[in-house]
Amino acid sequence: MRTEQSKTIYLKDYRAPDYLIDETHLTFELFEDHTLVHAQLVMRRNPELSAELPVLSLDGQQLELLRITLDDRELTAADYQLSDSHLTLQPTQASFVIDSTVRIHPESNTALEGLYKSSGMFCTQCEAEGFRKITYYLDRPDVMSKFTTTVSGDKQKYPILLSNGNPIASGSEEGGRHWATWEDPFKKPAYLFALVAGDLWCVEDKFTTLSSREVTLRIYVEPENIDKVQHAMDSLKKSMKWDEEVYGREYDLDIFMIVAVNDFNMGAMENKGLNIFNSSCVLARAETATDAAHQRVEAVVAHEYFHNWSGNRVTCRDWFQLSLKEGFTVFRDAEFSADMNSRTVKRIEDVAYLRTHQFAEDAGPMAHPVRPDAYMEISNFYTLTIYEKGSEVLRMIHTLLGNQAFRKGSDLYFERHDGQAVTCDDFVKAMEDASGIDLTQFKRWYTQAGTPRLAVSEAFDATARTYTLNFTQSCPATPGQSDKLPFVIPVELGLLDARGNDLPLRLQGEAAASGTSRVLSVTEAQQSFTFVDIAEQPLPSLLRGFSAPVKLSFPYDRDQLMFLMQHDSDGFNRWEAGQQLSVQVLQELIGQQQRGEALVLDQRLVTALRSLLQDGRLDQAMVAEMLSLPGEAYLTEISEVADVEAIHGAREFARQQLAEALFEPLWQRYQANREVSKGTPYVAEAEHFARRSLQNIALSYLMLTGKPEVLAATLEQYEACDNMTERLTALAVLVNSPFEAERGKALEAFAEHFKDNALVMDQWFSVQAASTLPGGLQRVQALMQHPAFTLKNPNKVRALIGAFAGQNLVNFHLADGSGYRFLADQVITLNALNPQIASRLLAPLTRWRKYAAARQALMKAELERILASGELSADVYEVVSKSLA
Ligand code: BES
Ligand code: ZN
């Protein structure tokens, strides 16, 4: 909790550590009402600094110090200073050993940081600064140490005792206790430490590495979940193989373990050799997890595994460099998923997510660069900007260098920095050295916040046969940064002729045409590129594959967008043209609604979507993506002032009109796909995801017509399907339908059937939390009383309250402010229980500047009420105070 004014930490204040910890020997004695932690730290003065010995200040929070010795001499209170965050003492020698014993209380740890208990098992979460809640330590990522860990506990309650590295010894003790010792041969920072003790079962497998070493793979879960582990195991083996093939990275220990826990603040954590996962990111099988959940498991397993190199072998010097490991690893997992499934669909999903959520963050009060230069609470900086924009920055480097030079750069980075804690600059330097390309200006992507705008205009000269594109870039001010310098913006583009074919591209000054898709680097505030030998007015396809995270504008008319939807050779841009067409049409409807006019849907959207539905050759997943209208959150993000009701009304009107106009082809597509699904056992692979995605989006449109045959089909799918993807869609469709009796029956039957499966119940909560029918707030409040709900489990909080505030915009933004009051109440309660979850939950309130005056006042009042509510955690204080500033 924040005792005084919270302190800001600055990158410019970084200093190398005064002391190093060569070895760390830990012993944990686990009991029901406390845990004892003994730590032996073999330390020395940092040899890169002067010989004098400054005071040693160890981090430590919520620790009860029982005993401390310095080189075997027991210290008394006169020998050291204790505060609520540090233990300070004066070493007298350059090398010394500190031994300490502390008592901690994992059994009452609700913040889920440090050592805590979840469903009866002990587990840890140390990133970013959780290790200091376990023992006194130099809890910073540039202090890397070799760890041995002994865990002792009751043999019956905790038959499995795990830590990082390899098991080296174990034995029994009196009183029904036993112990195990683990040794990690690799130096690591404390944030990668992990411990698990519990009654767990595991699935075991083997992987043979490129150099023929055999690695044991184990996934540990609660016994009742042992039937839901195979998909994660398959994903792990695919990830290990992919990292060898694409990055030349081999696994380095004899054993790799994953443990699933039910109470976890994040998705998963890459502790060395012992990844700890939110059970939602491990468990998956047809009957209980959707296609999206299967893909999430595959991606998260890959992400955490990839960290073994991008994060663990080479780690971050300080937390300002967080994107060094997270941005890079997200880029790696995205490419992995693209290779395992559909590349274009993966890109569409990621871009839609980035533009909806990261762009909003970049335009809000918490906007910060990919490498921030200040923070109060580091937990607040695991953001969309660090992760998603960070990944886009890596993707741009990949685009600018090309695949080969990028791989050379990555090899050089790992070779040069293996075993080190480094900076984003070190990464970029390796890329520069390997490629010979100067990235000095490019590095502004790391230091300047905000989403650049890129306005494009064209000029065709028929007599000179030239076609010129003029680019103007700018970037809005963000907190603390009023003026921005031009970015390096890689713009991949092509030019289409009147039949939709790509033209050969030759820039003025080039000897000959080369290629039909090119990457131009826009580096100046204003810059023009002229193509020659252009006989007719072309249509440009700009920013193919979303080659830079910018807001691009070009004055396309709707007919041109329809043309691109049909003809662009770049799949991403076919989708993008459809989105831009939809945005234009929806914004027109929003305007009509605001002026009180009758709503009239531009029939060109109907025509465009009809031809997609009727074209049997198209990838079904692409058709499904193109049928999905831009979401309300995205429409909010691109509005100057977001009109919640008009956005919802316009979008629902368009969906209704489309459902009626396209009933025939939708029904035909639905039935054909449902027939195949009926006759095919569930497979978690791309072509099956594709079929079900089109089937399911078709069903959600069809139900808007309220026809009895659609209701019958929905009930049939709900009852007869063999997988959660079809079942949950049918349930969601019923929940949003006017068929009250069927809705109630299905919800009840679902809860009865799945009441013992927490992850499925999360989905049941989410579907209801997201229902835009009136009365949403009351429904959510009632669901909080359901026996399966608890504020102590982050998955439950996200499933119900997070889904309500983040996805159910019309109900959350009720004009009387009751949605805001509700959210603030939950934040205040959670602030005391779990600060990280509290601070993430409050993000929707921080977007108050997007709304008209009345809503702004209501939202700000709730932020002020939180601020005045008593002792705030640093997490909540930082977000609330910055969003009011
Ligand atoms: N290192 C993080 C987990 C983490 C985040 C720990 C914040 C402590 C604080 C992990 O590698 C991660 O990034 N996990 C993501 C999922 C991933 C697929 C992007 C997560 O937990 O959401
Ligand atoms: Zn990560």
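The values are calculated or read from the model by the stated rules, or taken from the named source; none is laboratory data. Remember, it's a predicted structure, so these values are computed and weren't measured experimentally. Virtual Cβ from ideal backbone geometry, glycine too; neighbours counted across all protein chains shown. When the accessible area is computed, the model is the full protein with side chains, heavy atoms only, and any ligands, DNA or RNA have been set aside. Shrake-Rupley method; radii C 1.70, N 1.55, O 1.52, S 1.80 Å.
A few notes on this one:
- Some residue of the stretch 662-678 being closer than 29 Å to Tyr851 by Cα and crowded, with 16+ Cβ neighbours inside 10 Å: no
- Residue match in the stretch 432-441 (condition: within 16 Å of ligand 2 (Cβ to nearest atom), open to solvent by 20 Å² or more (accessible area, probe 1.4 Å) and modelled with pLDDT of 95 or more): no
- Check on Met269, open to solvent by 20 Å² or more (accessible area, probe 1.4 Å) and either over 27 Å from Cys475 (Cα atoms) or away from ligand 2 (no atom under 16 Å from the Cβ) (or both): no
- Of all residues in the stretch 303-330 being surrounded by fewer than 23 Cβ atoms within 10 Å (Cβ to Cβ) and over 21 Å from Asp252 (Cα atoms), the one that is nearest to ligand 1 (Cβ to nearest atom): Trp319
- Among the residues of the stretch 218-248, those that are within 16 Å of ligand 1 (Cβ to nearest atom) and out of contact with any Leu (no Cβ under 7 Å at 6 or more places or on another chain) comprise His231, Ala232, Ser235, Lys238, Ser239, Trp242, Asp243.
- Selection of the stretch 47-64 for residues being open to solvent by less than 40 Å² (accessible area, probe 1.4 Å) and not in a loop (DSSP other than H, G, I, E, B) yields Leu56, Leu58, Asp59.
- Screening Leu354, Leu324 for residues that are in contact (Cβ under 8 Å) with a residue 60 or more places away in the chain and either under 30 Å from Ile226 (Cβ atoms) or within 13 Å of ligand 2 (Cβ to nearest atom) (or both) leaves exactly one candidate, Leu324.
- Test: residue in the stretch 4-17 that is surrounded by 15 or more Cβ atoms within 10 Å (Cβ to Cβ) and free of Cβ contacts under 8 Å to residues at least 60 places away in the same chain: no
- Condition check for Thr290: within 20 Å of the chain's Cα centre (by Cα), away from ligand 1 (no atom under 16 Å from the Cβ) and open to solvent by 10 Å² or more (accessible area, probe 1.4 Å): yes
- Residues (among the aromatic types (Phe, Trp, Tyr) and under 16 Å from Glu625 (Cβ atoms)) located in the stretch 523-577: Phe546, Phe572, Trp575
- The residue of the stretch 520-538 that is most open to solvent (accessible area, probe 1.4 Å), among those that are under 12 Å from Val488 (Cα atoms) and among the β-branched types (Val, Ile, Thr), is Thr523.
- Taking the conditions (1) under 30 Å from Asp756 (Cα atoms); (2) hydrophobic (A, V, I, L, M, F, W, C); (3) open to solvent by 10 Å² or more (accessible area, probe 1.4 Å); (4) within 15 Å of ligand 2 (Cβ to nearest atom) in turn, Leu283 satisfies each one other than (4).
- Lone qualifier among Ser342, Ser391 - being touching a Leu at 6+ places or on another chain (Cβ under 9 Å) and small (Gly, Ala, Ser): Ser391
Each row is one residue, and each column tells you yes or no for (1) away from ligand 2 (no atom under 16 Å from the Cβ); (2) closer than 20 Å to Asp426 by Cβ.
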{"site": "Asp362", "(1), (2)": "yes, no"}
{"site": "Ala367", "(1), (2)": "yes, no"}
{"site": "Pro372", "(1), (2)": "yes, yes"}
{"site": "Met376", "(1), (2)": "yes, no"}
{"site": "Ser379", "(1), (2)": "no, no"}
{"site": "Phe406", "(1), (2)": "yes, yes"}
{"site": "Ser410", "(1), (2)": "yes, yes"}
{"site": "Phe414", "(1), (2)": "yes, yes"}
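- Residue pairs meeting the criteria (Cβ under 6 Å; at least 6 apart or on separate chains; first closer than 15 Å to Ala194 by Cβ, in the stretch 267-289; second more than 16 Å from ligand 2 (Cβ to nearest atom) and part of a loop (DSSP other than H, G, I, E, B)): Lys272/Asn164; Gly273/Asn164; Gly273/Gly165; Gly273/Leu253; Leu274/Asn164
- Residues of the stretch 37-67 that turn out to be among the β-branched types (Val, Ile, Thr) and touching an Asp or Glu at 6+ places or on another chain (Cβ under 7 Å), as a count: 1
- One residue alone among Arg44, Arg67, Arg73 is open to solvent by 70 Å² or more (accessible area, probe 1.4 Å) and under 39 Å from the mean Cα position of the chain (by Cα), and that residue is Arg44.
- Inspection of the stretch 520-527 identifies at least one residue that is touching a strand residue (DSSP E or B) at 6+ places or on another chain (Cβ under 8 Å), over 15 Å from Glu458 (Cβ atoms) and touching a residue at least 60 places away in the same chain (Cβ under 8 Å).
- Check on Gly198, in contact (Cβ under 8 Å) with a residue 12 or more places away in the chain and buried (at least 19 other Cβ atoms within 10 Å of the Cβ): yes
- Of all residues in the stretch 202-218, at least one satisfies being small (Gly, Ala, Ser) and farther than 27 Å from Gln40 by Cα.
- Single residue of Val259, Val330, Val300, Val246 found to be within 28 Å of Asn793 (Cα to Cα), more than 12 Å from ligand 2 (Cβ to nearest atom) and in contact (Cβ under 8 Å) with a residue 24 or more places away in the chain: Val259
- Condition met for Gly171 (away from ligand 2 (no atom under 16 Å from the Cβ), under 22 Å from Lys117 (Cα atoms) and not hydrophobic (A, V, I, L, M, F, W, C)): no
- Condition met for Phe277 (within 12 Å of ligand 1 (Cβ to nearest atom), assigned to a loop (DSSP other than H, G, I, E, B) and either farther than 28 Å from Ala430 by Cα or under 15 Å from the mean Cα position of the chain (by Cα) (or both)): no
- Among the residues of the stretch 70-118, those identified as touching a strand residue (DSSP E or B) at 6+ places or on another chain (Cβ under 6 Å), within 24 Å of Phe193 (Cα to Cα) and acidic (Asp, Glu) are Asp99, Glu107, Glu113.
- Qualifying residue in the stretch 210-229 (condition: more than 28 Å from Thr148 (Cβ to Cβ), at pLDDT 95 or above and open to solvent by less than 10 Å² (accessible area, probe 1.4 Å)): yes
- Residue in the stretch 254-273 that is over 25 Å from the mean Cα position of the chain (by Cα) and modelled with pLDDT of 95 or more present: yes
- In the stretch 56-79, the residues that are within 19 Å of Leu26 (Cβ to Cβ) reach residues that are part of a helix (DSSP H, G or I) and open to solvent by 50 Å² or more (accessible area, probe 1.4 Å) with C-beta atoms within less than 8 angstrom, at least six apart or across chains, in these pairs: Leu70/Asp79.
- Checking Ala659, Ala713, Ala633, Ala642 one by one, the residue that is touching a residue at least 12 places away in the same chain (Cβ under 8 Å), small (Gly, Ala, Ser), open to solvent by less than 10 Å² (accessible area, probe 1.4 Å) and part of a helix (DSSP H, G or I) is Ala659 and no other.
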